[in-house]
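Only one structure is covered here, and it is reproduced in the block below.
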Amino acid sequence: MGAESPFRFPPPEFESGHQLPLTAVPGGRAWIWEYIDVAVLLAALGIATWLIYKKRSRKGILALSIFSVLYFGFWRKGCVCSIGSLQNVALGVCDSSYGLPIGVLAFFVLPLIFALFAGRSFCAAVCPHGALQDLVLLRPIRLAPWLEQGLSVVPYFYMGAGVLFAATGSGFIICQYDPFITVFRMNGPVLMVTAGIVLLLLGTFVGRPYCRFLCPYGALLKLGSVFSRWRVRVTPTFCTQCRLCEASCPFGALNHPSSANPTDIRPERRRLVWTLVLVPVAVIVGGCLGFLASPAASRMHPTVQLAELFLKKGNAPVAYGPLTPEAFALERARRDPKQVLMEAALVQKRFQTATPLFGGWIGLVVALKLVGLALHRQSTDYEPDRGNCFSCARCFEYCPNETGARAFLETSVKPSAPLQPSAPS
Amino acid sequence: MIQATSMKPTPPPFHFSRRQFLRDGARVAAMTGLGTLVGLTAARTRGHGTVWQIDPQKCVRCGLCATSCVLEQSAVKCVHAHAICGYCQLCTGYFEPEPNDLNTGAENQLCPTAAIRRSFVEDPYYEYTIDEGLCIGCAKCVEGCNRFGNGSLFLQIRHDRCVNCNQCAISKVCPVDAFRRVPGSQPYLLKTTSHGS
């Protein structure tokens, strides 16, 4: 610093011995809470699985849903959540400077492990987003199959986009465009508050619209639960084909017995072969389209935005007076244009590798969806679809075997008086 | 009695075993993949993760901190490093550019919420402290102090308020890239005397 004082006004030396107050540095939420959150998540997942498989209790699931909405939703303000953790993990893998918190990693992994063994227990009553939508569902309607199947690929697109933008460091779009966080925080941008209200209103008659047609983490859980060790069944014993449960699922996740007509098999096989041939074609086409879209996608990154603004307006006269944020940014670029442009070029390069992968992913999802539609599903009973079932436990009550067994249990457990010969009074 | 498996008719054995085999294989593969992912990311995990903070050396006091936070009242507050402060009687962070009088009258204050308290220490020194309950992080005082004074006022994210969003909403709009993730063990980037002004 030399002889020159670094201060315009030298700090005073008080004669009265006045003590300088220290700058307060309030700490954040104690780290122990992160582990408590993980413990609550683990407990809730365990209880949900137990309620679904052992108790087969819709009431229990409802109670747990309310708890989850209160704890993970309103109390924790929807953060940390598994849906967003997908992006943290993507950033953690791609950016070595980003330290992924253990708690976030646990929120990402635990529901997935449960899905691999017991299906979507997380969606049933642990996820505050799912629980909230489940609680507002009043009069479910059935969606047309083409709409249902068509929209069911959207979560995979959204997941790909979330990973793409998180991995390239452009932002966390899944968090940014989360419709229910505004409900839990009772505050937020107008657009997202509106989206939240619209989705909740829609959710009163279309079961869980976000879970089914948007949720990127649900898409991952769906993939996991296709391979799950155990699965939810409508009936506790055996299916009598009574068809009482046929319309019980508000989420269109109940598979009907497949047609046993042998004349259907041959065209189905041909269709399957064609769709299988389509898979590599779709991936390559998607990849090429992704590569073409890379400049447009890279504009999501703030540095690229700034570089483009600088290239467009760099020579404009410097503004005087109070500067707008845009002018401040332009100032920064003017001071060191080389660095900004170089950083932007680096980001664009990253996008050039990432967007073809994203495009390929889109192609793969579409093609595999077609394969899935062409696959001949052999089933004789009414069974919840492994992937689509949210384990909400609604269908259990529709099965006469269930009610019969329950009535039997209740009478046999109670050593009630009428069964015993009454003593003469 | 309600054992799901006991009374279920068994499907044809060949079909069952093939599907089951594929499913088991996929599950094992998925678990391995998850394990690798956990191993890969856990190796980089910092003990307490990271939190967001403003680099006061980069901040240009644009005012977006007050309006862009996801919280109703921004988690960004003005912070005072008293060791740098000149304790001026005419504080350019406290008073309007041309104040009527050098007193605590509302018309003289720069702060829109009167969040700075001015107290007399000894002639001619006055002490300025921030009431964080009132401060909205608009940085008007920070601008005044940095432009004409020692720059002892600066903005910081207060971690007792910040919810540590994945992507800080203010960092996305910050024109000078002053927001960055810092280790949770050292969550503040304070101005100290060694920095100079």
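When only the Cβ of Lys, Arg, Asp and Glu is charged (+1, +1, -1, -1), the dipole of region B:50-196 relative to its Cα centre reaches about 720 debye.
Count, for each residue of B:171-177, the Cβ atoms from other chains sitting within 10 Å of its Cβ, then give me the mean as a whole number. Mind showing how you got there, number by number?
Details: counts 2, 5, 3, 4, 13, 8, 7.
Average per residue, whole number: 6.
Please name whichever of B:Gln167, B:Ser152, B:Gln57 sits farthest to the positive end of the charge dipole of region B:50-196, dipole taken about the Cα centre and charges placed at Cβ: Lys and Arg +1, Asp and Glu -1. Looking along the dipole axis, the top candidate is B:Gln167.
Using C-alpha pairs under 8 Å with a sequence gap of at least 6, the mean separation divided by the residue count of chain A gives a relative contact order of 22 percent. Would you please give the FRET efficiency between A:Leu42 and B:Arg18, computed as 1/(1 + (r/R0)^6) with r the Cβ-Cβ distance and R0 = 30 Å, to the nearest 0.05? Computed FRET efficiency for A:Leu42 and B:Arg18 comes out at 0.30.
Can you list the chymotrypsin sites (Phe, Trp or Tyr not before Pro) in region A:318-412 that are in a DSSP coil and have 14 or fewer other beta carbons within 10 angstrom? Present the calculation step by step, with values, prior to reporting the outcome.
Numbers: sites: A:Tyr320, A:Phe328, A:Phe351, A:Phe358, A:Trp361, A:Tyr382, A:Phe390, A:Phe396, A:Tyr398, A:Phe408; in loops: A:Tyr320, A:Tyr382, A:Phe390.
Those that pass, being in a loop and sparsely packed, are A:Tyr320.
Relative to its Kirkwood radius, the Cα radius of gyration of chain B gives an Rg/Rh of 1.35.
With the convex hull built on the Cα atoms of region B:90-190, state its orientation-averaged projected area in nm². Spell out each step's value before the answer.
Values: hull surface 31.3 nm².
Computing the convex hull of the Cα atoms and averaging its projections yields 7.8 nm².
For the residues of A:322-334, the average number of beta carbons from a partner chain within 10 Å of their own beta carbon is 4.
On alpha-carbon atoms, Rg over Rh for the protein assembly as shown using Kirkwood Rh?
Values: Rg = 30.4 Å, Rh = 28.2 Å.
When Rh is taken as the Kirkwood radius, the ratio is 1.08.
Each reported figure results from applying straightforward, stated rules to the coordinates on display, with no laboratory input. It should be emphasised that the depicted structure is a prediction, and the values quoted were computed from it without experimental measurement. Methodologically, a virtual Cβ is constructed for each residue, glycine included, from the backbone with ideal geometry; neighbour enumeration extends over all protein chains shown.
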